[in-house]
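Undergrad: The structure that follows is given in the form of structure tokens.
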Amino acid sequence: MALNKARLDRFLAQYCQVNRKSVRLILAQNRVLINDVVAHDIDEVIDTFSHITLDGKVIQANCAYYIMLNKPVGVVSATRDTKHKTVLDLLEYPFKNELHIVGRLDLNTSGLLLMTNDSRWSERLTLPEKKITKRYIVTLQNKLTAEYIAAFAEGMYFAFEDITTQPAKLTIISDYKAQVELFEGRYHQVKRMFGRFRNPVIALHRCSIGNLQLDQQLAVGLSRKLTALEVNNINQ
Ligand code: URA
């Protein structure tokens, strides 16, 4: 979803059906508040989530929503699908159709999935240069060895995209279990990296994104809104 930005004078001219000169007058009379602050500047840029009042009457009040879902295996990270249940089908919020997914998980991957209608926030989390950490717990078919640690840290060449993956951190938890930290999100990245060792991934679970951990109280398939602190601290 694109975040609509507009200049305040254009927005008010359209809303009040007046010319720009009249808008200047309205602003000079301190009649407009943006996010509870008196607006004076005709060049001020507003967006979908700016709370705007004119003479005390709310004329724009769109809310930003931030949702964490404990995604089950077998549910597709899409808003529509003809074959499978989608992550949207699991939500019961009246605004759910406004949401988009922040970093998909494969059909057979479980764990932390974020959804929002705030595209500025989701862009900050998904831009490769931001290097937000995604942490996964991986269960493998074959035994892990110390070799994996160096190979993940070095990066792997993916011919299809013609890229070398960013250094990733692999920590061995037990013979068949590892924690992997990625700083980017390439297509099927975890599975393809273990594929280099011909070691199939049996289970993949995302437990955190940046500073945000999957809420352990959230049963599989359930979701909740993020707190303001979680929204703001995720990429600190
Ligand atoms: N890597 C994968 O292979 N699958 C996911 O769902 C996420 C990361």
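Every read-out reported here was derived from the displayed coordinates using simple, explicitly stated rules and does not represent laboratory data. Since this is a predicted model, take the numbers as computed values, not measurements. Positions of Cβ are generated from backbone atoms using ideal geometry, with glycine treated the same way; all protein chains shown enter the neighbour counts.
Undergrad: Hey, with R₀ at 25 Å, roughly what FRET efficiency would Phe160 and Cys207 work out to, going by the Cβ-Cβ distance, to 0.05?
TA: Computed FRET efficiency for Phe160 and Cys207: 0.35.
Undergrad: Tell me, which longest segment in the chain has none of the chymotrypsin sites (Phe, Trp or Tyr not before Pro) that fall in DSSP loops with at most 12 further Cβ atoms within 10 Å?
TA: The longest such stretch corresponds to 1-94.
Undergrad: Using Cα pairs closer than 8 Å and at least 6 residues apart in sequence, work out the relative contact order for the range 5-60, in percent. Before the final figure, lay out the partial values.
TA: Numbers: 77 pairs, mean separation 20.1, N = 56.
This gives 36 percent for the range 5-60.
Undergrad: Simple spin-label model, 7 Å along Cα-to-Cβ: Glu92 to Gln17 in nm?
TA: According to this spin-label approximation, the distance is 4.3 nm.
Undergrad: Within the range 176-196, what residues put their amide N at less than 19 Å from the label point 7 Å along the Cα-to-Cβ vector of Ala146?
TA: Answer for the range 176-196: 176-179.
Undergrad: Over 19 Å between Cα atoms, which of Lys169/Lys191; Lys143/Lys191; Lys83/Lys191; Lys134/Lys169; Lys130/Lys177 qualify?
TA: On the way: Lys169/Lys191 15 Å; Lys143/Lys191 15 Å; Lys83/Lys191 23 Å; Lys134/Lys169 10 Å; Lys130/Lys177 28 Å.
Beyond 19 Å: Lys83/Lys191; Lys130/Lys177.
Undergrad: About the Cα centre of the chain, how large is the charge dipole given +1 on each Lys and Arg Cβ and -1 on each Asp and Glu Cβ? Please answer in debye to the nearest 20.
TA: Details: 31 positive and 24 negative charges, 69 e Å.
The dipole of the chain has a size of about 340 debye.
Undergrad: Moving on to the next point. Would you list which lysines come within 30 Å of Lys21, measuring only between C-alpha atoms, while excluding same-chain residues fewer than 8 positions from it?
TA: Straight-line reach from Lys21, under 30 Å: Lys5, Lys57.
Undergrad: When the chain is treated as a GNM, springs tying every alpha-carbon pair under 10 Å, which of Ser50, Ser208, Ser122 comes out with the largest mean-square fluctuation?
TA: Comparing Ser50, Ser208, Ser122 in the GNM, the peak value goes to Ser50.
Undergrad: Select from the range 92-163 those GluC sites (Glu not before Pro) which occupy a DSSP coil region and have at most 15 other Cβ atoms within 10 Å, ordered by residue number. Can you show the working numbers first?
TA: Working: sites: Glu92, Glu98, Glu123, Glu129, Glu147, Glu154, Glu161; in loops: Glu92, Glu161.
Hits after loop and neighbour filter: Glu92, Glu161.
Undergrad: A further question follows. Compute the signed sum of charges (Lys and Arg +1, Asp and Glu -1) over the other residues within less than 11 Å, Cβ to Cβ, of Arg124. Write out the running numbers ahead of the final one.
TA: Values: positive: Arg120, Lys130; negative: Asp118, Glu123, Glu129.
Residues close to Arg124 contribute a combined charge of -1.
Undergrad: Which of rounded, prolate or oblate describes the chain when judged by the alpha-carbon gyration tensor and an a/c cut-off of 1.5?
TA: Judged from the Cα gyration tensor, the chain comes out prolate (a/c at least 1.5, a/b above b/c).
Undergrad: With a ≥ b ≥ c the root eigenvalues of the C-alpha gyration tensor of the range 5-60, is it rounded (a/c under 1.5), prolate (a/b larger than b/c) or oblate? Working shown, then result.
TA: Working: a/c = 1.41, a/b = 1.16, b/c = 1.21.
Verdict is rounded for the range 5-60.
Undergrad: Let a ≥ b ≥ c be the square roots of the eigenvalues of the Cα gyration tensor of the range 126-232; is it rounded (a/c under 1.5), or, if not, prolate (a/b larger than b/c) or oblate?
TA: It is oblate, given that a/c is not under 1.5 and a/b is not larger than b/c.
Undergrad: Compute the orientation-averaged projected area for the range 69-124 from the convex hull of its Cα atoms and round it to one decimal in nm². Can you show the working numbers first?
TA: Numbers: hull surface 15.0 nm².
Over all viewing directions, the range 69-124 projects a mean Cα-hull area of 3.7 nm².
Undergrad: With each pseudo-label sitting 7 Å past Cα toward Cβ, what's the Gln179-Ala28 distance in nm, one decimal?
TA: Taking the two extended label points, one gets 6.2 nm.
Undergrad: Assigning unit charges at the beta carbon (Lys, Arg +1; Asp, Glu -1) and nothing else, what dipole magnitude in debye, to the nearest 20, does the range 5-60 show about its Cα centre?
TA: 260 debye
Undergrad: Could you please report the charge total around Thr48, scoring K, R as +1 and D, E as -1 over all other residues with beta-carbon less than 12 angstrom from its beta-carbon?
TA: Values: positive: Lys5, Arg120; negative: Asp47, Glu98, Asp118.
Result for the neighbourhood of Thr48: -1.
Undergrad: If you don't mind, another one. Mind checking which aspartates and glutamates have their C-alpha under 18 Å from Lys225, skipping anything on the same chain fewer than 8 residues away?
TA: Here the aspartates and glutamates satisfying the reach criterion relative to Lys225 are Asp89, Glu92, Glu98, Asp118, Asp215.
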